[in-house]
1. Of the residues B:261, B:246, only one is more than 12 Å from chain C (Cβ to nearest Cβ) and either closer than 28 Å to residue C:221 by Cα or at pLDDT 95 or above (or both); which?
2. Anything in the stretch C:204-239 that is among the polar types (S, T, N, Q), surrounded by fewer than 23 Cβ atoms within 10 Å (Cβ to Cβ) and at the interface with chain B (Cβ under 9 Å from one of its Cβ atoms)? List them, or say none.
3. Residues to consider are A:143, A:126; find the one that is buried (at least 16 other Cβ atoms within 10 Å of the Cβ), modelled with pLDDT of 90 or more and in contact with a Leu (Cβ under 8 Å, 6 or more places away or on another chain).
4. Residues that are among the hydroxyl-bearing types (Ser, Thr, Tyr), farther than 29 Å from residue C:76 by Cα and in contact (Cβ under 8 Å) with a residue 12 or more places away in the chain: find the helices (runs of 4 or more DSSP H) completely inside the stretch C:154-257 holding 1 or more of those.
5. Just the residues that are more than 12 Å from chain C (Cβ to nearest Cβ) and either closer than 23 Å to residue A:123 by Cβ or among the charged types (D, E, K, R) (or both), please, taken from the stretch A:177-214.
6. Quick check on this structure: which one of C:8, C:47 is closer than 21 Å to residue C:223 by Cα and assigned to a strand (DSSP E or B)?
7. For the stretch B:182-236, enumerate the residues that are assigned to a strand (DSSP E or B), among the small types (Gly, Ala, Ser) and facing another protein chain (nearest Cβ under 10 Å).
8. When you go through (1) more than 13 Å from chain A (Cβ to nearest Cβ); (2) buried (at least 17 other Cβ atoms within 10 Å of the Cβ) one by one for residue C:163, which number turns out not to apply?
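The values are calculated or read from the model by the stated rules, or taken from the named source; none is laboratory data. Owing to the predicted nature of the structure, the values given are computational and were not obtained by experimental measurement. Cβ placement follows ideal geometry from the backbone for every residue including glycine, while neighbour counts extend to all protein chains displayed.
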Amino acid sequence: MWLSIRGCGEVIVARRMNEIFRHGLEHRSFVIGGIITLLFFLIAVLSYIWTPHSIENLSIVNRLKLPNATYWLGTDHFGRDILSMLIVGARNSVIVAFVAIGIGIGIGVPLGLIAAASRGWTDEIIMRFNDFTFAFPSIISAIMITAILGPGAVNSIIAIGIFNIPVFARVARGAALSFWKREFILAARSAGKGTLRISFEHILPNIFSILIVQATIQFGIGILAEAGLSYLGLGTQPPSTSWGKMLNEAQTMLYIAPQLAIYPGVAIVLTVLGLNLFGDGLRDVLDPKLRRNR
Amino acid sequence: MSLLHLENLTVSINTADGPIDIIEQINLQMSAGDKLGIVGESGCGKSITALAIISLLPEKSIVSGRILLNGENLLDLSPAEMCRVRGNRVGMIFQEPMTALNPVKTIGAQIAESLKLHLKIGRKEIQDRVSQLMEDVGLPVRRFPLDLYPHLLSGGQRQRVMIAMAIACEPDLLIADEPTTALDVTVQEQILDLILDLADRSGMGLIMISHDLGVIAQTTEQVAVMYTGNLFETGPTAEVFNQMAHPYTHGLFSAIPKPGHSAEQERSRLYTIPGQVPEIHMRPDGCSFADRCGHALESCRTQDPPKIDLGNQHLAWCFNPINRTDKG
Amino acid sequence: MKSPLIKIVNVVKDYQLPRKKLLEKRPPFRALNGVSLEVERGASFGIVGESGCGKSTLARIVMALDKPTSGQVYYEDKELFGLKTKELNGLRHHFQMVFQDPYGSLNPRKNVLGIVAEPLDTLKEKLTTQQRQKRVEKTLEEVGLNRNDIVKYPHEFSGGQRQRIAIARALITRPSLIVADEPVSALDVSVQAQVLNLMMDLQEKYNLTYIFISHDLSVVEFITDSVAVIYLGKIVEQGKTRDLFRNPLHPYTQTLLAAVPDIDPSKKRERSGKKEMVFSDAPPQGCPFQPRCQSATEICEQQNPELASKGDQHVACHHV
């Protein structure tokens, strides 16, 4: 948004960002969602520097312990500290989902914008590629891709990311099309601006909120997709772990120690919830119409 | 016998800064067969008044006063009872014919809706009535079969369908909220004539809401001028238009480009009312028009303007009306 | 003699309608059927017609936002559609447009500074940020707004104020021509008067040329000095505003003027029949108004009348 008010002078830009921030603090979803999201991101980052215990420490003697002073959430069936596993799992789940969205937005949104701006054959070709990708059931294709490329976090990112592209392309195109019809676009054209410039200066800021909402949805899906892949053994590989992998391993222990499934499950739910709240809040906060009149 | 009597009608909504009146102390009376116009600019409350009568106000509205339809206070009715009034005893036509019809239902089905809802008649009779209504509004069934969808009709044709829907159950009162604003001028002429014909034939009362003084002049016998939720002037249309008492009415009239103006030599400017209509939550004390009024007195800014009777049922709410022939 | 500022020669615009059946061949919809006009510098030229007559299409073609199927548009002797895109864009600051919808014509995500300054972005001479801001502030004051409004967003203004912002945007490159497409139709009467007065003031101050498009006859009569009446893509009558309104010659012009409701309640019009008049399409070679015309005769079905002069007015009718 601050790009779209270029040339306004640094003072105005800074004022606007300040305003967004302050306004944001008044918005419940934004704050709560933001805190939860931030928390999980920080945990993910934290995992690189420190975890309470190393997840590679198998200690059969300490298996299935309940929460105590040493193991704050207890241990799993291999004696690994559950909390540490959750922390490391956060890293893998979050990063996979995040980069996958990045691929989706980075490739999908420009494709969608180009399709909307050019119409005609370019539009048709892009949309048919989209349909082609959509036609493949995503999870099965993700499985196929990781089976071909080999299991692992990186390949999971690619597999999930590929399926984000048509989603964002379609959403961006649909939203962009509705804005191309508006009169202020005609005004920009009569000022002599070309379609590329209009796409980025006018269309993109207006569809931003729709894209954000979609991104939070896709993030949630990404986390679940990664969990699914790991569940099947195609995602994160040992000795690393992810929430999905934890769910996978908890299967056999479900009746003996259900908490092994509950912890990662709750983590997934909270992250996805937090992200959706944050996305909703962000969309509202960025909408100039919802600013309170001074 | 009085058809409609609005007695001290006030509608307010709750906002973050407390309740605000959208319309204040509206008093209007109509007999059967009357044609009343409500004229004003955006935000004056004319649509809200109409919505208050058929009880379709936004949820957080607080209504006080009385709305007497044939002597019965509509505000005392339960929601279920009110549903039996809408479409049955009071019909309404809206402004945007392009969006006021359901795009996925046939026009026959939409006209039949209120018949099915309010009258206990069989399917065959409903069909017959719908066909008759289509004829009445000038859409012969040969040319406009009942299974047409709205998108196949033009704006004027859709408006005729809406009129058919509104009068289907032969209501006592028809409210038309800017029915021709979105239509071309030649289509407007036909639609207004149609509405007047139907009103005359059935003897139903008509409330015509518009910002267009020409429309009001041609279709009404009584008129009420509203501004920021208050009544400023009421009376017989001919009387009010020829002897405008309230400075606002006068200003409104003067701001319209008149035919024959091009014959003038000088490129003169239009008379404008200085300033703009105040926001609903920023209405000043006293008369809300005072700071834009060329006739304002000291008292206008501090006290609510009194009602002045100018004779001939012509009333104005003003401390300093034009052509003051006070009979009080 | 100085050449006219804008010269439109025989512009035809066809639209291809979407096919309903796979291999169906549909004849194109002719939105403009050979429109020619000349507008002198400093003039205020009105274009009047009802919905679907092609006036907005004409506005877009004059602004070179749409290409005509055939015909030319000359701005000061330069044929706009013969120029390369770069050259054309270089000329655009000479002609700007004000749109009808004060809500839709401003980007809701940009503040006033961004909106009004936009036409400056494509000028050859690049302005510094400060110069840009100063110019916007000055223009805002000229249209009756406050210079501090530059940080505000469109939704913070009323309809009349938004239209002023749109006028400021049209004015900022000091154009010679402003095409106004229904600029006051969505505004209240008192606001409409303010905006019309403003437009007249600006015209005098900057010697602007207006092409003013409207369906509102009283407004057109007020602000224009010449006017053309369009019906179904064709100019049916043209002349000085004063003459045309006092003495309309074409049956359609007469119908239009008669349909305007009179503000005098004592002058109640005779009621017309209530039947929805659905007009069969006129035979393509005949006059487009023929199905609705009281005075139509055989020749009207066979020949599309050309615009011919009658004194200072031009009418396209066989019976005038």
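1. B:246
2. Scanning the stretch C:204-239 gives a single hit, C:218.
3. A:126
4. So the answer is C:217-223.
5. Correct list: A:177, A:180, A:196, A:199, A:200, A:210, A:211, A:214.
6. C:47
7. B:210
8. (1)
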